[in-house]
Structure formats: structure tokens, C-alpha cells
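The values are calculated or read from the model by the stated rules, or taken from the named source; none is laboratory data. These numbers come from a predicted model, not from an experiment. Methodologically, a virtual Cβ is constructed for each residue, glycine included, from the backbone with ideal geometry; neighbour enumeration extends over all protein chains shown. With ligands, DNA and RNA removed, areas are computed over all heavy atoms of the protein, side chains included. Shrake-Rupley method; radii C 1.70, N 1.55, O 1.52, S 1.80 Å.
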Amino acid sequence: MTAFAAAPALILTALAGCSSDSDVSTRTKIVIGADLALGSAVDNAYADALQLRIEQINASNKLPDHELELRVMDNRSESKQSLSNISTLADDPGIAAIITGECDECVVGAAKTINDKRVPTIALAAADQVATPIESRRYLFKIGPNGSDSAAALTAELDRSGKKKVAIVYANNLYGNGVRSHLVSELQKKPQITVIEPAPVKPTATDVSQVIETVTADKPDALVVLTGSDQATAAVTAAKAAKFKGQVYFDAAAANDLFVPQEAAVATENTTMVFTQILAIDDVIATSPAKAARKQWFRDYTSRYGSYSGVASFGADAVDLIADAVVRAGGDRQRLRDVLETSQTDGLSGPLRLTPDNHSGLMPQALTLLVARSGRWRLLS
């Protein structure tokens, strides 16, 4: 068996205290495997969220007969290594379920292995192909914003605000190409909006200024950036330098930390982003148990790690879904898969609904519009 390549701090065995009426020595361990890129800020946020949520569940009486344990393997953002990790985890009968990180190509490349080895897997990657086609994704589930839902929300806002000419910059990867296709399709339904030819950028590019200068040369009144957070920050900074006067929009892939990087705060001011409420949770009134739980999770994560990463709620929801399934199915993989496939809950990210015909759980109404003000994200309205 390949040695686990995670740092000691990330080989996580959740040993948080149990309730007084449940002796940890009598509890059956349920091991969750995780395939993450430990050099990625996003996946490190996922690792932090998984660790914290597992500790919280173990310290509660939610699983009186079971104790969750997390085993992390580093895929180094490489599809081949990810496939090897997932195969290793799936071949271990002690692993009840797997959670994978942000790498779209990694989990899509491992989809057949996941199906063949019949290991229930929750992916935190964003591409549509993670959960479709459903026929070859029976053991694979997805949490996180769908490209089609982000595109619909962006189109509605562009239409509402009267934009007439829209430029699009997108990451040339599975997710970026997918959401770009959805957005163009939605905008074509609005004859009053002209779409400038979308411009791709390499997912690893750190300098996107030339692309931004090109797409803003026609003076669009809106620039939509469909990339990860670092590239989105670079894009809005380049747009500011190019004296772009229009409005900048991010889709959900751009979400990262609670605060905008200080060096980009001025350039990002008034930028609109599609995401869940969690990055603006201070603006949310706890009018329901679900909203109260989200505010508490935000406080717990921030207290532990010093700040908040927007993606953390997806990781915590993945653990919660598995824990809820364990209550009904124990550690049996087939039964866990069957329970996951009909899961419905108001999660920390928003409402989650999984069905036999839809393995992508985050509902469209979980998404809202945020705006950057004074270096942090706020609800737009």
C-alpha cells in the first residue's frame, strides 16, 4: 500500500471527547478517506473543515455507537496520483466513504474506479461532469455550486442592472468551459445583451493582464470572470489598471476567504459575486435553525483557524451527509450509498437535495449575490 503522503497534522484521527454516557472504547470506527491536494489553499481549507466537523460530531451524541476518523492522502493536484490514492482508499475495507477536493479532472478521471469499486464518494469539485452522466456516477455525489445555477444567477443580475455589452474571461478547464457554455447560452436568451467573444486563460496563469486588456478594449459595461479566486483577483486588478469603467462580476468559483486580499481591495470594491450566504453571514439574521447553525459554524471555524474560507461549508456538509447516513446504515458502503442518494437537509452551505436522478446536491436557491465593500463580502441586498 502506498504510504500516505499527508503531513502529520493532516493525518487526522478525530479523538474529541464523547458525551459522558458513551465510552469511546466501545464505539465502532467509521473511517472517511480524503483525496486532497495539500499544496492547494482550497483543499487545505477543506482539510481544516473536515477535521473540525469530525471533531464536533465525535464530541456530540449524534453517533453514540460510532466514531468518525479521517485519513488524508495528498494527490499533489495530479490526476494519476489522485486515481492511485482513490484506488488505495477504495481497496481498504476499513474505508466507508471518500471525500475528494477541488480538482475536477482528478475526480472525473477516477469516476469509473469509484463506480467499479462501489465506494460512496462525495466530491467537492465544481465541474458538471463530476455528477453527470448519472449512469456512470452511481457512487459519486457532488456538493457545491453548479455552473448552470451560477450562470442563471449572473444572467438575471446582468439583465436586471441593464447591461448591454458583456465580456467573459474563463479558465480553460472542465469547470470554466462548462460554466462559460451555460452563461453564453443564458445570455443568448436576452437579445438586448451583446456578448463579446469569450476569452480563455490557462488555469495556471498568474498574469492575465493581456487577456483583460483585449476583452475590455471594446468597452463592455460588464466583465464576467469565471476562474478560481487567485485568477479572479488578478483579473479585477488588471481591469482596474486598464482603466475599465464597467462592472466586474465573479461566479462562485472565485470565492475564497472572508476578506479580499489587501493589495486588491481597492480594485475589487463593488465587484459582484455569486455564492452562498456564508461569506456574508454577519448580514444574515438567524430566523431559522439552519441559519443559526450556519452562523455557529462560521464562528467555530473562525475561532479555530483565525479567518473563514468560503468553501469550508461544503467540506462540513460532506461530513454531515456521511454522518447522517451512518446513523441509518453504519459503515456498510452499499447502504451508505443508498442513503446518500436520497439525502435532504438544510446544510451549512444551503439546502441540499440528492435523488437517484440528481447527484449534485446544492439547490439553486442556496446561491445569492454578494458585493465587495471595504475589503470584505456583503449581501448585495
The correct count of residues that are open to solvent by 30 Å² or more (accessible area, probe 1.4 Å) and aliphatic (A, V, I, L, M) in segment 206-215 is 1
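Okay, residues lined up against (1) over 14 Å from Ala171 (Cβ atoms); (2) not polar (S, T, N, Q):
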position: Thr227; (1), (2): no, no
position: Phe250; (1), (2): no, yes
position: Phe259; (1), (2): yes, yes
position: Gln262; (1), (2): yes, no
position: Thr268; (1), (2): yes, no
position: Thr276; (1), (2): yes, no
position: Ala280; (1), (2): yes, yes
Looking only at segment 302-344, which residues are under 18 Å from Ala34 (Cβ atoms), β-branched (Val, Ile, Thr) and outside any loop (DSSP other than H, G, I, E, B)?
Val319, Ile322, Val326
Of Ala156, Ala131, Ala110, Ala152, which residue is in contact with a helix residue (DSSP H, G or I) (Cβ under 9 Å, 6 or more places away or on another chain), within 22 Å of Ala37 (Cα to Cα) and of a type in the set (Gly, Ala, Ser)?
Ala110
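I'd like to check something: does segment 356-370 contain any residue that is over 21 Å from Ile134 (Cβ atoms), over 16 Å from the mean Cα position of the chain (by Cα), surrounded by 15 or more Cβ atoms within 10 Å (Cβ to Cβ) and at pLDDT 95 or above? Talk me through it step by step, then tell me what you get.
Our first condition is that a residue be over 21 Å from Ile134 (Cβ atoms); within segment 356-370, this holds for 365, 367-370.
After this cut, where a residue has to be over 16 Å from the mean Cα position of the chain (by Cα) as well, the list is 369-370.
With the extra rule that they be surrounded by 15 or more Cβ atoms within 10 Å (Cβ to Cβ), the set shrinks to 369-370.
Then drop every residue that is not at pLDDT 95 or above, which leaves 369-370.
Yes: one or more hits.
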Just one listed residue, out of Asp218, Asp257, is open to solvent by 10 Å² or more (accessible area, probe 1.4 Å), modelled with pLDDT under 95, farther than 28 Å from Ala312 by Cα and out of contact with any Asp or Glu (no Cβ under 9 Å at 6 or more places or on another chain), and it is Asp218
Would it be correct to say that Val266 is more than 22 Å from Arg53 (Cβ to Cβ) and either modelled with pLDDT under 95 or exposed (fewer than 15 other Cβ atoms within 10 Å of the Cβ) (or both)?
yes
In segment 337-381, the residues that are under 22 Å from Tyr46 (Cα atoms) and hydroxyl-bearing (Ser, Thr, Tyr):
Ser343, Thr345, Ser349, Ser360, Thr368
Residue within segment 89-98 that is open to solvent by 10 Å² or more (accessible area, probe 1.4 Å), part of a helix (DSSP H, G or I), farther than 22 Å from Val326 by Cβ and not aliphatic (A, V, I, L, M) present:
no
Within segment 280-296, take every residue that is in contact with a helix residue (DSSP H, G or I) (Cβ under 9 Å, 6 or more places away or on another chain) and not in a loop (DSSP other than H, G, I, E, B) and give me the one that is least open to solvent (accessible area, probe 1.4 Å).
Ile281
Which of (1) open to solvent by less than 20 Å² (accessible area, probe 1.4 Å); (2) at pLDDT below 95 is the odd one out, the single condition Leu52 does not satisfy?
(2)
Hey, among Ala316, Ala241, which residue is hydrophobic (A, V, I, L, M, F, W, C) and open to solvent by 10 Å² or more (accessible area, probe 1.4 Å)?
Ala241
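Take Asp65 and decide whether it is charged (D, E, K, R) and open to solvent by 10 Å² or more (accessible area, probe 1.4 Å).
On the way: charged (D, E, K, R): yes; open to solvent by 10 Å² or more (accessible area, probe 1.4 Å): yes.
When the stated conditions are applied, Asp65 passes them.
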Quick check: is even one residue across segment 170-186 open to solvent by 10 Å² or more (accessible area, probe 1.4 Å), touching a strand residue (DSSP E or B) at 6+ places or on another chain (Cβ under 7 Å) and aromatic (Phe, Trp, Tyr)?
yes
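Report the residue count in segment 119-134 for those that are charged (D, E, K, R) and modelled with pLDDT of 95 or more.
Let us first name the residues in segment 119-134 that are charged (D, E, K, R), namely 128.
Still in the running and modelled with pLDDT of 95 or more: none.
The number of residues fulfilling the criteria is 0.
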May I ask you to list the residues in segment 99-115 that are in a helix (DSSP H, G or I) and among the aliphatic types (A, V, I, L, M)?
Val107, Val108, Ala111, Ile114
When you check Ala235 against the structure, is it within 22 Å of the chain's Cα centre (by Cα), surrounded by 16 or more Cβ atoms within 10 Å (Cβ to Cβ), on the phi < 0 side of the Ramachandran plot and modelled with pLDDT of 95 or more, yes or no?
yes
Only one of Arg299, Arg378 is part of a helix (DSSP H, G or I), among the charged types (D, E, K, R) and either farther than 12 Å from Ile143 by Cα or touching a helix residue (DSSP H, G or I) at 6+ places or on another chain (Cβ under 6 Å) (or both); which?
Arg299
